[in-house]
1. Might you let me know whether the range 95-102 holds any residue that is in a strand (DSSP E or B) and within 29 Å of residue 13 (Cα to Cα)?
2. Need the failing condition index for residue 444 against (1) free of Cβ contacts under 8 Å to residues at least 60 places away in the same chain; (2) over 19 Å from residue 424 (Cα atoms); (3) touching a helix residue (DSSP H, G or I) at 6+ places or on another chain (Cβ under 7 Å), just the number.
3. Picking from 295, 248, 264, which residue would you name as being surrounded by fewer than 17 Cβ atoms within 10 Å (Cβ to Cβ), under 21 Å from residue 23 (Cα atoms) and touching a residue at least 24 places away in the same chain (Cβ under 8 Å)?
4. Specify which of the listed residues (103, 83, 29, 24) is under 24 Å from the mean Cα position of the chain (by Cα), surrounded by fewer than 21 Cβ atoms within 10 Å (Cβ to Cβ) and without any contact (Cβ under 8 Å) to a residue 60 or more places away in the chain.
5. Out of 70, 56, 38, 64, which single residue is part of a loop (DSSP other than H, G, I, E, B) and crowded, with 24+ Cβ neighbours inside 10 Å?
6. Check off (1) modelled with pLDDT under 95; (2) within 21 Å of residue 180 (Cβ to Cβ); (3) surrounded by fewer than 18 Cβ atoms within 10 Å (Cβ to Cβ) for residue 48 and give me the number that stays unchecked.
7. If a residue counts only when it is over 24 Å from residue 386 (Cα atoms) and touching a strand residue (DSSP E or B) at 6+ places or on another chain (Cβ under 7 Å), which strands (runs of 3 or more DSSP E) contained entirely in the range 229-348 have at least 1 such residues?
């Protein structure tokens, strides 16, 4: 059980910092973290049954609320506050049948979310603590280890450990319930494969409502008795670089957007403590690898995963990195490639749907049997992504199936169009390709850029690399792309924005 692993870490290293919270300036040792988690567990038991909403930033408060929920026998429902916090709260309450949401007033103010009914504030809980409540929790921390673990919940690896929501970058978020077994298997397999057991510190800036942040930035360090250096705003690139330089994490995990922001703000020597840099959640561009090599003599090890797989499916091994690939499956995870039309297994080098099986795969979407049956067959989860396995067993990603469009009877990859656009435009210009309806061909491709371009000149360059059917028929400039909390482009919002602009014309 995750909470049992945390308790073991706290008992073994009571005086070691569990969390160095650079947003609040507070350091929390493992013994203090255990004490606070027990206090919160007792409070949560009184407040809510079954599930409890948590909308807190990456911080000691956010971490301890999640741990406290599990110790208290409650399943934390992680709420995305980066886009439409109030709407996401109500959506989560409706889908998951709970009322109480644990949050903080500072976060509500920062994201512009009004106070909703049934919200409770973690700062109020901590201020209202009485001496008897503290003494009771302290006494529990001194119980024999076996007793303390029993108080924190019976060993049942099939119990839910968290409820998360898919990114919603393409349609309404789906509700993903992950079990103790899902998360623990992912933590153990990733940690063993990447040999991080001897690392002492990890930079933790990814949001906990994203599975990448929850598994790798929260539970992995707590289970391995590492120190997490937390900061609530991963987009504050200058400050994060300062933290890397001063707090010296050995493990650096991030999305390409975040890692690129950090490396551009850094100077040679700033990342001297970093032993391993891992990129995930989006395709790692070659320019990012080059920047890390040139500035810090560091290789980026790219991985791949999904919310439904807890998240890691594959990653490049430290002793056998193949840049451009998304690595080999982690121990206990199987990957096969299926032809997206016939369903037959593809041969090496043939592109098809990426299908995954293993202990990290969720049991299903919460209260959605139909969607579960569409995505899981005999334990195999259909990722909705296209890719292929090479002769060495490395997985190569070719884009989302939903990000392919049919034009003139041909399947065209929007990712391929984007990669070509990025290669043919200056580095500071961000590019995306979206699909809009077309009366003659069914669909047309629109190129969206963050700076104006010359359509004729760029079109000539693109025609050298792309087939005629894949050439954008329209160019639109917007100042900034909408983002998910992980930093990924919000394709659903971007496509709607472009469609609205097109209809307005």
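1. Kept after step one, since they are in a strand (DSSP E or B), are these residues of the range 95-102: 101-102.
The next check asks that each one be within 29 Å of residue 13 (Cα to Cα); those that pass are 102.
For the range 95-102, residues in a strand (DSSP E or B) and within 29 Å of residue 13 (Cα to Cα): present.
2. (3)
3. On the way: 295 fails: under 21 Å from residue 23 (Cα atoms); 264 fails: under 21 Å from residue 23 (Cα atoms).
248 is the lone residue from the list that is surrounded by fewer than 17 Cβ atoms within 10 Å (Cβ to Cβ), under 21 Å from residue 23 (Cα atoms) and touching a residue at least 24 places away in the same chain (Cβ under 8 Å).
4. Numbers: 103 fails: surrounded by fewer than 21 Cβ atoms within 10 Å (Cβ to Cβ); 83 fails: without any contact (Cβ under 8 Å) to a residue 60 or more places away in the chain; 29 fails: under 24 Å from the mean Cα position of the chain (by Cα).
Only one candidate passes the filter, namely 24.
5. Values: 70 fails: part of a loop (DSSP other than H, G, I, E, B); 38 fails: part of a loop (DSSP other than H, G, I, E, B); 64 fails: part of a loop (DSSP other than H, G, I, E, B).
So the residue among 70, 56, 38, 64 that is part of a loop (DSSP other than H, G, I, E, B) and crowded, with 24+ Cβ neighbours inside 10 Å is 56.
6. Residue 48 satisfies every listed condition except (3).
7. Values: elements: 251-254, 276-279, 300-305, 312-315, 333-338.
So the answer is 251-254, 276-279.
Residues are listed down the side, and each one gets a yes or a no for (1) within 22 Å of residue 429 (Cα to Cα); (2) without any contact (Cβ under 8 Å) to a residue 60 or more places away in the chain:
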site	(1), (2)
241	no, yes
253	no, yes
258	yes, no
271	no, yes
279	yes, yes
284	yes, yes
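The values are calculated or read from the model by the stated rules, or taken from the named source; none is laboratory data. On a predicted model such as this, the values are computed, not experimentally measured, just so you know. Positions of Cβ are generated from backbone atoms using ideal geometry, with glycine treated the same way; all protein chains shown enter the neighbour counts.
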